[in-house]
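Q: This is the structure I want to talk about, given as structure tokens.
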Amino acid sequence: MTEHVIIERRGAVQSIRMNRPDKKNALTRAMYAAMAKALRDGDTDPDIRCNVLLGVPGAFSAGNDLMDFLTIAQGGEGGTEVAEFLMALATAQKPLIAGADGVAVGIGTTVHFHCDLTFATPRTVFHTPFVDLGLVPEAGSSLIAPRLMGRQAAFALLALCEGMPADKAEATGLIHRVVPEDELEAEVFKAAEALAAKPPEALKLARDLMLGDRHALIERIEEESAHFRARLRSDEARNAFMAFMSRKKG
């Protein structure tokens, strides 16, 4: 579907690698579609028992490609690919393990609320600048973050838009463990292979029990998405995007 997402198999583990290093893995609509399809395919393939999500050295993901945002902000139509990816995350039936290194912005942060385990390097900083761009949190983060890390840490991340370094992300429960850069992928695959070797029905039951009823999460994602789409066409968002693009050109 796109050369910017590489899907590979390693035994019973499926790896999904964002591979757009020149743009720090800013996600295009095609990338969202490819990742959503991989997660859905993993759910229906009995030979896949665990999914792994990776970026490239120095960049897990810089978030959504801003040109897509600008298109919608200027009156263009947006696709359904982002929504499909978010729903694939929220309804995934197999464990998802992530390895994050460096830049982790927007969806590059909120995706970890849906990961069962995330390993990150010391140089990784998690950042959600949605409000600064005239937008609202997404991916169910407005529901999960306060429950996971407490109201104030969640507010600092999602509303104050403070960057959260990897050590604090570990302390608040956003990620599982901080590991050295040269050990990141080895640790990710070690955990993934350990999960893939477990009795699959017992593992699924245990995971489902911990996740609980997902209806509230799905409803929150839909509510956030409605606000997000409306905000993309707001004057605040349009002005924020144009100011950001002007700074980049300067």
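Q: Find out how many positive minus negative residues lie around Thr118, taking Lys and Arg as positive, Asp and Glu as negative, among other residues whose Cβ is under 12 Å from that of Thr118.
A: Details: positive: Arg177; negative: Asp101, Asp116, Glu170, Glu187.
Summing Lys and Arg as +1 and Asp and Glu as -1 gives -3.
Q: What is the packing order of peptides 84-96, 196-208, 153-165, 176-188, taking the mean over residues of other C-beta atoms within 10 Å and listing the highest first? Could the numbers behind the result be given before it?
A: On the way: 84-96: 20.5, 196-208: 13.4, 153-165: 17.8, 176-188: 15.8.
Peptide ranking by packing, descending: 84-96, 153-165, 176-188, 196-208.
Q: In addition: May I ask what percent, to the nearest 5, of DSSP beta bridges between residues of the chain are antiparallel?
A: On the way: 9 of 30 bridges.
The answer is about 30 percent antiparallel.
Q: Starting with the highest mean, order 235-243, 209-217 by the number of other Cβ atoms within 10 Å, averaged over the residues of each peptide. Don't jump to the answer; show the numbers that get you there.
A: Working: 235-243: 15.4, 209-217: 11.2.
Descending mean neighbour count gives 235-243, 209-217.
Q: Shifting gears a bit: Any idea which of Met87, Val136, Thr71 is furthest toward the positive side of the dipole for region 5-182, if Lys and Arg beta-carbons carry +1 and Asp and Glu beta-carbons -1?
A: Checked the options; the winner is Met87.
Q: If you place +1 on the Cβ of every Lys and Arg and -1 on the Cβ of every Asp and Glu, how big does the dipole about the Cα centre of region 5-182 come out, in debye to the nearest 20?
A: Working: 16 positive and 20 negative charges, 49 e Å.
That gives region 5-182 a dipole magnitude of about 240 debye.
Q: Rounded to the nearest 500, what is the chain's calculated 222 nm mean residue ellipticity when only DSSP H runs of at least 4 contribute -39500 (n - 2.57) each, over all residues? Show your work: numbers first, answer last.
A: On the way: 11 runs with 120 residues, N = 250.
The helix contribution divided over the chain gives -14500 deg cm²/dmol.
Only the coordinates and a few stated rules stand behind these numbers; no lab work does. Note that the coordinates shown come from a computational prediction; the quantities given were computed from them, not determined experimentally. Please note: Cβ atoms are built from the backbone with ideal geometry, for glycine as well, and neighbour counts cover all protein chains shown.
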